[in-house]
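The values are calculated or read from the model by the stated rules, or taken from the named source; none is laboratory data. Everything numeric in this text was worked out from a predicted model, so none of it was measured. Glycine gets a Cβ as well: all are built from the backbone with ideal geometry, and neighbour counts include every protein chain shown. Heavy atoms of the whole protein, side chains included, go into the accessibility calculation; ligands, DNA and RNA do not. Shrake-Rupley method; radii C 1.70, N 1.55, O 1.52, S 1.80 Å.
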Amino acid sequence: MSDTNKEVVDLVWGIPSGGGVPVSLFRRWSQGFVFSEAERSALEQFEGGPCAVIAPVAATLMQHRNQMHGLMYMLCNLTEEEQRTVLCSTLSEILESACLSKTQAFHLATLPCAKTTDSSDITDSHPEPESSQPADTPTALAAEELGFERFHSVIQKRTLRTVGELREAVLSLYDTWKNKFGVLLFLYSVILTKGIENIKNEIEDTSEPLIDPVYGHGSQSLINLLVTGHAVSNVWDGDRECSGMKLCGIHQQASVGFLTLMESLCYCKVGAFLKSPKFPIWILGSETHLSVFFTKEMALVAPESPSEQARRVFQTFDPEDNGFIPDTLLEDVMKALDLVSEPDYVNLMKSKLDPEGLGIILLGQFLQEFFPNQVIHPLHKGTKCNQHNKSVSYVEGTALVIGFEDPMVRTDDTPIKRCLQTKWPYIELLWTTERSPSLN
């Protein structure tokens with residue numbers, strides 16, 4: 001195993017205390033990008049773990065199809081040629097986002113052709129076509145039962161100098177991506193293109209591998225790398241300092257978004273760059289799984305409405321997300337929102353918003369007073385890619401998103417709703433199925 005190969009393995013899998021990666025864990029990650037027979041535009045996941053790669057690819061695939069044909073075209077069945085084109089375009093796009101500069105080369109991790117199966121190292125190669133077998137012909141190794149050590153000893157690194165060369169090579173390797181080790185080979189390609197040291201410089205804790213060595217789930221750094229091109233460990237906007245340590249977050253609006261149930265449990269705070277992406281497509285995270293949610297309503301990613309701006313400003317004065325502020329801060333909030341902030345008027349509003357004299361101003365009452373008719377978005381269709389009984393299906397629903405809580409409109413309290421409420425606090429959902437889709 002070459003030094004480069006070992007560095008990739010250490011970064012992704014860590015150095016297991018038991019002396020190696022469990023066979024079952026490697027097996028779970030040994031799958032390709034496979035389109036569902038039931039939903040021919042959806043990618044399938046066979047066992048737990050690789051959703052950390054498959055979900056970002058599926059979300060970016062939807063984004064790509066939206067740019068080409070419009071969002072609702074995403075639900076149409078794809079021919080095999082359309083599947084090939086859209087998957088390879090998606091993989092190329094993610095690799096391009098991981099590349100630091102236009103002058104930097106791209107790298108693909110591939111298995112060698114059958115005639116070179118005795119290779120024992122990762123090599124930096126520019127394969128030339130042979131008369132009987134082109135260099136891009138998928139190798140028979142992809143179908144073999146390779147163990148962890150053997151698989152990593154035969155991986156080769158192919159270097160491409162231009163975007164055009166990259167796209168052509170990715171397209172020619174379609175059979176590799178969809179076969180047994182396609183997910184891992186693509187992940188390694190992203191890592192090699194980004195650069196191992198560059199990734200280490202972005203990860204908060206370099207001792208934490210990208211794939212958990214016990215449970216097999218992907219880290220937040222891995223998800224962020226595929227979604228944004230940066231392997232930062234946090235999901236908030238910008239960088240923060242804690243006890244003199246710089247904690248890096250997301251620095252620009254992502255093309256597809258990320259929401260997590262963990263925020264509803266107060267374990268993290270997702271920033272606006274991930275909550276409000278360029279396209280109305282979100283990766284939804286539970287404790288153990290990632291799914292994809294999307295809608296045709298571009299209004300959901302439009303510039304924030306006055307009500308949304310008011311909520312954001314109010315929450316800057318409520319850093320602990322209590323849902324209220326001391327009444328002494330009401331004047332500051334009103335000034336920040338360019339509302340009338342004369343002392344007499346502010347005192348009048350204090351009396352109205354806090355009639356019991358508790359000394360606090362509730363967020364809901366504040367929004368209802370100053371933005372009473374702000375419906376953020378009209379009814380819209382939402383679709384979630386869900387895995388149920390080993391088959392993938394799109395679950396369709398309708399959502400009402402308003403700017404404040406309405407006790408007369410109350411549907412359910414499910415994990416998917418709590419996850420979506422981290423972006424739309426007063427969202428109500430009605431699904432076309434008898435039960436709400438699972439986040440797991």
- Item | Scan of the range 37-61 for residues that are on the phi > 0 side of the Ramachandran plot and out of contact with any Phe, Trp or Tyr (no Cβ under 9 Å at 6 or more places or on another chain), ordered by number | none
- Taking the condition within 17 Å of residue 33 (Cβ to Cβ) and of a type in the set (Val, Ile, Thr), does residue 206 pass? no
- Item | Unique residue being surrounded by 16 or more Cβ atoms within 10 Å (Cβ to Cβ), of a type in the set (Asp, Glu), at pLDDT 90 or above and not assigned by the TED database to the domain that holds residue 47 when the list is 331, 297, 287 | 331
- Item | Qualifying positions in the range 258-276 - open to solvent by less than 40 Å² (accessible area, probe 1.4 Å) and within 20 Å of residue 202 (Cβ to Cβ) | 258, 260, 270, 271, 274
- Message: Go through (1) surrounded by fewer than 18 Cβ atoms within 10 Å (Cβ to Cβ); (2) at pLDDT 95 or above; (3) hydroxyl-bearing (Ser, Thr, Tyr) for residue 153 and report which single condition fails.
- Response: (2)
- What residue, among those in the range 1-45 that are touching a strand residue (DSSP E or B) at 6+ places or on another chain (Cβ under 6 Å) and among the charged types (D, E, K, R), is modelled with the highest pLDDT? 44
- Message: Looking for something at pLDDT 85 or above, over 19 Å from the mean Cα position of the chain (by Cα), not assigned by the TED database to the domain that holds residue 399 and not small (Gly, Ala, Ser) - is there at least one such residue anywhere in the range 303-313?
- Response: yes
- Matching residues, the range 233-244, being surrounded by fewer than 21 Cβ atoms within 10 Å (Cβ to Cβ) and closer than 28 Å to residue 9 by Cβ: 233, 234
- Screening 222, 187, 192 for residues that are open to solvent by less than 50 Å² (accessible area, probe 1.4 Å), closer than 21 Å to residue 102 by Cα and under 16 Å from the mean Cα position of the chain (by Cα) leaves only 187
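Answer yes or no as to whether residue 339 is within 15 Å of residue 370 (Cβ to Cβ), more than 36 Å from the chain's Cα centre (by Cα), of a type in the set (A, V, I, L, M, F, W, C) and open to solvent by 80 Å² or more (accessible area, probe 1.4 Å).
Working: within 15 Å of residue 370 (Cβ to Cβ): yes; more than 36 Å from the chain's Cα centre (by Cα): yes; of a type in the set (A, V, I, L, M, F, W, C): yes; open to solvent by 80 Å² or more (accessible area, probe 1.4 Å): no.
No.
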